[in-house]
Every structure is written in C-alpha cells, then in structure tokens.
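Student: One structure coming up, written as structure tokens, with questions to follow.
The values are calculated or read from the model by the stated rules, or taken from the named source; none is laboratory data. Because the structure is a prediction, the values reported are computed rather than measured. FYI the Cβ positions are ideal-geometry reconstructions off the backbone, even for glycines, and counts take in every protein chain you see.
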Amino acid sequence: MKRYNKFICTGLFLLFQLTLYGQNVIDLRLNELLITNTEDFQDDFGVHSSWFEVFNIGYGTVDIGGCYLSNDPEDLKKYTIPRGDVLTKIKPRQHILFWADNKPYRGSFHVNFTLEDSRVLILTSSDGRTVLDMVALPTDMEPNQSYGRVVDGEGSSGPYADNSGWAILSRTSPGTNNFSLDGKSRSEMMKETDPFGLLMAMLAMSVVFLALIILTFVFKGTGRIALNRSQKKADAYHKTQKVSLAETSGETFAAIAMGLHMYANENEIHDIETTILTIEQVRRNYSPWNAKFHSLRKMPEIRKK
C-alpha cells in the first residue's frame, strides 16, 4: 500500500511539473515587430533586416526552445526554434529578438521567412498545434516604423487575437520596453501626498489592531471549541457510569453490604491478633547445637521373643 501511494505521489508531482511548464509557455507574447528596416537596428552581421520580439509576461524563466514560428496559418511548424540553446531561455519580464531575414543558417534567432512578404505572424507551442499568440501585420507601415503593444504583454493574445492593444509606436525599442518607465517613484508620490507620515502611521496602526482583533476571535473560538469537546466527553462519561450502575443487580449490592457488615462487626473473615509475645521455658537449658551425643549412632536393641 505504501509503495502504491509513493507511485501516486510521484505521478502527481510530475503532472504538476508539466502543468507548470505549460503555464510558463503560455506566458509568451509577440510584443513588437518592424517590417521594413533600412536604417534601424542591425543584426550581429551588420545587416538591416526585419525583426520581431517575444516577451515573457510571467515571473519565471521560460525556455522558448522547441516552439515554432510561422507566417502561414496552414504551416504552423515553418520554423522550429532550436532546443538546447541557453540563449532561448527568456527571463521573467524580459524580451528576446528574432530576425526575419530568411537566413536560418546564421543562428537560432534568424528565421526562414521575411515579414515583407507576410500577412500574419504566429507563435506556436512545442506541440505544434497550440497557437500561443498571433498578430496580423499592418499594410500601411512606413520604413523603420515599428508596430507593437502599447504596454508590454498587454492586449489580445492567442489563436483569436484581434490586434487590440497594438499600435504604431513613436519609436522602435527592440529588446526593451515599448514604453518608458521613467517618472516619479511611488515613494516620491507618497511623500507628496503624505508629507508628515500621518497616513502611513494610521495605516500601520490599523493593520496591527486588525490583526489583534482577528487573533482575539480566533483564540476565543478555539477555546470554545475545546470547552465544548471536554463537556461532551464529560457528559458521555456520566452517561456510561449511569448505564453501568443501572445494569448492576440488587443481589450484587446485597452481597457487598453483607460482606462489609461481617468484616466490621462479626470478625468472621479475619481473626483479631494481639501483639503479645509469649516465651516458654524449655526443659534443656543448654544450647543443643554443639551437643555431640546427637551425632553418635545408637546401638540396636535386641528384643527376644
């Protein structure tokens, strides 16, 4: 039985791990693309090529290796992202850049199609069937102008994505955020809102008092439950005692009473013994332990008939 439970636990653990992996792959999003590149970002060969980026919206590292990229809905496995490349692991909330130059021999991040001749861009899971994200390419793009999500990772996604959340961006941002995070920090805004710290003090005190109130109710409830259980046990014990007394016959009580009466009054069970020692005088006043005649053999007597 224990071995059977171990097998079940192992299977559930593996299933949980596979579920986590699947959830991580679902966190991938097509985030930004540039169709016509004449003077924008260059690849590692110094060539201006079309590019697009994939963004990890989750908070765990995702390996995109084994997934597929395509510009043809009828052929979802057009380009296979190689496995085993450490660079295909996308860290939390980070980007990875692909070059659509139709030159896959240049590396893992150079796909076998171009965006100039494409109408759609599709990212498919490693099973070759599940579409993780897709985007329809606009036709009114100017050279060196990128099309991407206004906020990284936000907007429609999946096999029925309708390009909501996408727009023509004011500037290209390959491999980085599509919008600037510069501005006032939360601490600075809080300082402007509450310069003397009164709001923070009230908030901290309310949290402490709320925790104390919750603990009070919890301990009271626990105490009541314990008291109720002990009361139930006591009531059950008294009920069993009453049942045992009711089941005892009258003859038993009579025999016990008679035995106690005889023990207390008639002394028929135990004799009363005194503590007086009586020493009687023996005939021989010597100690017989060293008398030698006790060891002598007596002569046999001959009786004549």
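Student: Among the residues of the range 189-211, which ones are touching a helix residue (DSSP H, G or I) at 6+ places or on another chain (Cβ under 8 Å) and acidic (Asp, Glu)?
Tutor: Initial filter on the range 189-211 (touching a helix residue (DSSP H, G or I) at 6+ places or on another chain (Cβ under 8 Å)): 190, 193-194, 199-200.
The answer is ASP194, and nothing else.
Student: Test LYS191 against the criterion of being of a type outside the set (Val, Ile, Thr) and either free of Cβ contacts under 8 Å to residues at least 12 places away in the same chain or touching a strand residue (DSSP E or B) at 6+ places or on another chain (Cβ under 6 Å) (or both), and give yes or no.
Tutor: On the way: of a type outside the set (Val, Ile, Thr): yes; either free of Cβ contacts under 8 Å to residues at least 12 places away in the same chain or touching a strand residue (DSSP E or B) at 6+ places or on another chain (Cβ under 6 Å) (or both): yes.
When the stated conditions are applied, LYS191 passes them.
Student: Which condition does THR139 not pass, out of (1) at pLDDT 95 or above; (2) out of contact with any Cys (no Cβ under 7 Å at 6 or more places or on another chain); (3) among the polar types (S, T, N, Q), if it passes all the others?
Tutor: (1)
Student: Kindly evaluate GLY66 against the criterion of being of a type outside the set (Val, Ile, Thr) and surrounded by fewer than 16 Cβ atoms within 10 Å (Cβ to Cβ). If you could, list the steps in order and put the result at the bottom.
Tutor: Details: of a type outside the set (Val, Ile, Thr): yes; surrounded by fewer than 16 Cβ atoms within 10 Å (Cβ to Cβ): no.
No: the conditions fail for GLY66.
Student: Just to be sure, is ALA257 within 60 Å of the chain's Cα centre (by Cα) and at pLDDT 75 or above?
Tutor: Details: within 60 Å of the chain's Cα centre (by Cα): no; at pLDDT 75 or above: yes.
Criteria not met by ALA257.
Student: Could we say that GLU116 is assigned to a loop (DSSP other than H, G, I, E, B), of a type in the set (D, E, K, R) and either outside the structural domain of THR80 (by TED's automatic domain parsing) or at pLDDT 90 or above (or both) here? Reasoning before the result, please.
Tutor: Working: assigned to a loop (DSSP other than H, G, I, E, B): yes; of a type in the set (D, E, K, R): yes; either outside the structural domain of THR80 (by TED's automatic domain parsing) or at pLDDT 90 or above (or both): yes.
Yes: the conditions hold for GLU116.
Student: May I pose another question? What single numbered condition from (1) surrounded by fewer than 19 Cβ atoms within 10 Å (Cβ to Cβ); (2) assigned to a loop (DSSP other than H, G, I, E, B) fails to hold for ASN37?
Tutor: Unmet condition: (1).
Student: Then there is this: Surrounded by 10 or more Cβ atoms within 10 Å (Cβ to Cβ), in a loop (DSSP other than H, G, I, E, B) and at pLDDT 90 or above: does that describe GLY153? Before the answer, list the steps.
Tutor: Details: surrounded by 10 or more Cβ atoms within 10 Å (Cβ to Cβ): yes; in a loop (DSSP other than H, G, I, E, B): yes; at pLDDT 90 or above: yes.
Yes.
Student: Another question about this same structure. Specify the residue that is farthest from the chain's Cα centre (by Cα); the eligible residues are those in the range 54-66 that are among the β-branched types (Val, Ile, Thr) and outside any loop (DSSP other than H, G, I, E, B).
Tutor: Residues of the range 54-66 that are among the β-branched types (Val, Ile, Thr), as a first pass: 54, 57, 61-62, 64.
Retained after the next criterion (residues that are outside any loop (DSSP other than H, G, I, E, B)): 54, 62.
Working: VAL54: 30, VAL62: 21 Å.
That would be VAL54.
Student: Counting just the residues of the range 152-179 that are of a type outside the set (S, T, N, Q) and under 33 Å from the mean Cα position of the chain (by Cα), which one comes out farthest from MET134 (Cα to Cα)?
Tutor: Step one: of the range 152-179, the residues of a type outside the set (S, T, N, Q) are 152-155, 158-162, 165-169, 171, 174-175, 179.
Subsequent filtering for residues that are under 33 Å from the mean Cα position of the chain (by Cα) retains 152-155, 158-159.
Details: ASP152: 15, GLY153: 13, GLU154: 13, GLY155: 12, GLY158: 6, PRO159: 6 Å.
By that ranking, first place goes to ASP152.
Student: Please state which one of LEU76, LEU69 is touching a residue at least 40 places away in the same chain (Cβ under 8 Å), outside any strand (DSSP E or B) and either charged (D, E, K, R) or assigned by TED's automatic domain parsing to the domain that holds ASN178 (or both).
Tutor: Numbers: LEU69 fails: outside any strand (DSSP E or B).
The match here is LEU76.
Student: Any chance the range 100-108 includes a residue that's touching a residue at least 60 places away in the same chain (Cβ under 8 Å) and not aliphatic (A, V, I, L, M)?
Tutor: Within the range 100-108 (the criterion being touching a residue at least 60 places away in the same chain (Cβ under 8 Å) and not aliphatic (A, V, I, L, M)), the answer is yes, since at least one residue qualifies.
Student: Among the residues of the range 79-98, write down those that are over 24 Å from the mean Cα position of the chain (by Cα), part of a loop (DSSP other than H, G, I, E, B) and surrounded by fewer than 19 Cβ atoms within 10 Å (Cβ to Cβ). Working first, answer last.
Tutor: Step one: list which residues in the range 79-98 are over 24 Å from the mean Cα position of the chain (by Cα), which gives 79-90, 94-98.
From what is left, the residues that are part of a loop (DSSP other than H, G, I, E, B) are 81-85, 94.
Once the filter is applied, which keeps residues that are over 24 Å from the mean Cα position of the chain (by Cα), part of a loop (DSSP other than H, G, I, E, B) and surrounded by fewer than 19 Cβ atoms within 10 Å (Cβ to Cβ), the range 79-98 yields PRO82, ARG83, GLY84, ASP85, GLN94.
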